[in-house]
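The values are calculated or read from the model by the stated rules, or taken from the named source; none is laboratory data. Worth saying up front: this structure is predicted, and the values here are computed from it rather than measured. Here the Cβ positions follow ideal geometry from the backbone for every residue, glycine too, while neighbour counts run over all protein chains shown. Quick note on the areas: whole protein, heavy atoms, side chains included, nothing else; ligands and nucleic acids left out. Shrake-Rupley method; radii C 1.70, N 1.55, O 1.52, S 1.80 Å.
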Amino acid sequence: MSWRSEHIWIELIAGSRKISNFCWAIILFLGSLGFLLIGISSYLDRNLISLFPSQQIIFFPQGIVMSFYGLAGLFISSYLWCTISWNVGSGYDRFDRKEGIVCIFRWGFPGKNRRILLRFFMKDIQSIRIEVKEGIYARRVLYMEIRGQGAIPLTRTDENLTPREIEQKAAELAYFLRVPIEVL
């Protein structure tokens, strides 16, 4: 999602609050809870889950392993829920031709550096670069080359843009910023 005028371009960046992350967090939570309950059922020798008789699982070693997998899954699930609730990775890119400033803002993990704000002068932008890696794990990323700073990614690595979409986005941004496009 973006907003443009003659002098300002603002692009909103989606963070961790995506349907896929919600689905993975729910699936992981329920699966790991099931593993943990079966492990505890084998220890107590009671059926905490009525669909699965606990007499079939011996506590040592199967019950211990299932309990370990359940706890590990719950930790990973809680990590996913935290990134979703904090909306890690969200933010915006703001290009202001009138003031000659580029602002890149992202939300990070809570703590000292929760707010990540990068500011550059537009005159320091050398080019817009498209990096394309095809294959089993195709990757298309848009970068902004800054003099003395290196390359700053403008698209998420998990954002699956088609070649046409990333070329169009790069062309529009390069035209707005009045810089060349590089393709790697």
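Quick one: in the stretch 20-86, what % of C-alpha pairs are over 14 Å apart?
Details: 1250 of 2211 pairs.
Cα-Cα pairs of the stretch 20-86 separated by over 14 Å account for 57 percent.
Please state, rounded to one decimal and in Å, the Kirkwood hydrodynamic radius that the stretch 88-184 gives when every pair of distinct Cα atoms enters the mean of 1/r. Write out the running numbers ahead of the final one.
Working: mean 1/r = 0.0701 Å⁻¹.
Every distinct Cα pair counted, the radius reaches 14.3 Å.
Taking every pair of Cα atoms in the stretch 1-135, average 1/r, invert it to obtain the Kirkwood radius, and report Rg/Rh to two decimals. Each step should come with its number before you reach the end.
Numbers: Rg = 23.7 Å, Rh = 18.8 Å.
With Rg and the Kirkwood Rh in hand, the quotient comes to 1.26.
Give the percent of DSSP beta bridges with both residues in the chain that are antiparallel, rounded to the nearest 5. Don't skip to the answer; put the middle values down first.
Working: 34 of 37 bridges.
For the chain, the DSSP antiparallel bridge percentage is about 90.
To make sure I understand the rule: partners must be lysines, Cα under 24 Å from the Cα of residue 123, and not fewer than 8 residues away in the same chain. Which ones qualify?
Straight-distance partners of residue 123: 98, 169.
Work through the residues other than residue 25 whose Cβ is under 13 Å from its Cβ and net out their charges, Lys, Arg +1 and Asp, Glu -1.
Details: positive: 17, 18; negative: none.
That works out to +2.
Probe radius 1.4 Å, ligands and nucleic acids ignored: give me the carbon and sulfur share of the accessible area of the chain as a rounded percent. Could the numbers behind the result be given before it?
On the way: 7460 of 11970 Å².
Solvent-exposed carbon and sulfur of the chain make up 62 percent of the total.
Mean residue ellipticity at 222 nm from the helices of the chain, using -39,500 (n - 2.57) per DSSP H segment of n ≥ 4 over the full residue count, to the nearest 500 deg cm²/dmol?
Working: 3 runs with 64 residues, N = 184.
About -12000 deg cm²/dmol.
What angle do you read, to the nearest 10 degrees and between 0 and 90, between the alpha-carbon axis of helix 64-86 and the longest principal axis of the chain?
30
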